[in-house]
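We did not get these values from a lab; they are worked out from the coordinates using the rules stated. The shown structure was predicted, so the numbers you read here are calculated from the model rather than taken from an experiment. All Cβ positions, even for glycine, are placed from backbone atoms using ideal geometry, and neighbour counts span all protein chains on display.
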Amino acid sequence: MKPSRFPPARRRGYAWRCAAFLAVLVSLQACTADEEPASAPQAASEADLLLESATSRLPDVELPSTAPAESAPLVPVYWLGEQDQLLYREFLPGESTGDPIAAAIWAMTSTEPLDDDYYSPWQTATAVNTSISPDNVITVDMTSDAFGSDLEPEVASNAIQQLVYTATAAAANAGLIASGSPSSVRLLVDGKAGYEAFGEIELGTELRRNVEAMAPVWIINPQDSSIRNDPTIIVQGSTTQTGSELGWRIRRVDGGGSPAEEVLSGTVAVDAGAGSTGQYEFSASLDPGTYLVEVYVPSEGEPTESGSADNKLFSIR
């Protein structure tokens, strides 16, 4: 029998996640009551690969941290969703090594996602080295300790796609891949080809992005647990549901950490991109407080029951 697809410690509900965020928020407010908050770092454009559209505008990235932006450059990292095992993306601080692709992959194997609805089946890699050819083939050489134990076939396949998406996104984000150019990944393990990844996948050919591994809908902005001063929240995201509208709702989070009253809800049109994904954007003006925003593919049930939804926790001061 193969092991569980993700550790029990990562199976966290809304209440745990919201309560933890509220505790952090109270602490930050106590520390910064008399100080002007530091400006949030901005993510560089990654539109051609992340949203498949050269006209897309990536949002500001705001993290609940007072660390200066220059101390840790932001890198795109993909995760698997706990519920659907599909890909979602965040921007996280990466190591300043001079190799943005390796920094993003190392973050993918060694850090935790901001959103507790996501997880990674990878283990910390002792070493990650990368190079890129003139025809945009990214060679990744990583140590075998990153693979950990065996996985179910679907999860193993999407874990490899997690690395492919992270590597190609990091290359595009750093300007190492020309706009609109296709790219692929050659994955070596301990310097050799042909490794059997997660007991399921033989790494012998070049790997390309598979759009079927992407989540049907995900939120790009705000990032989970972000803290903002502007009462107008702009929600932006990506979806593979390009022929229909998406539903959304914003719920206030009560003092016990549970989503309570629904404050606003509605639908948003999808702007079809040049490729297989579309984009959406809407805004809402809110009073100070902590909220949970959910975007979902409409169904007869509740948004979180549809299986095609994403949510982010955020606070307005």
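Computed quantities for the displayed model
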quantity	calculated
Stretch gain in nm, segment N129-V211, where the contour uses 0.36 nm per residue and the Cα spacing is subtracted	27.0 nm
Cα gyration tensor shape for the range 136-224, rounded if a/c is under 1.5, else prolate or oblate	oblate
Protection proxy ranking, peptides 87-98, 162-173, average beta carbon neighbours within 10 Å, highest first	162-173, 87-98
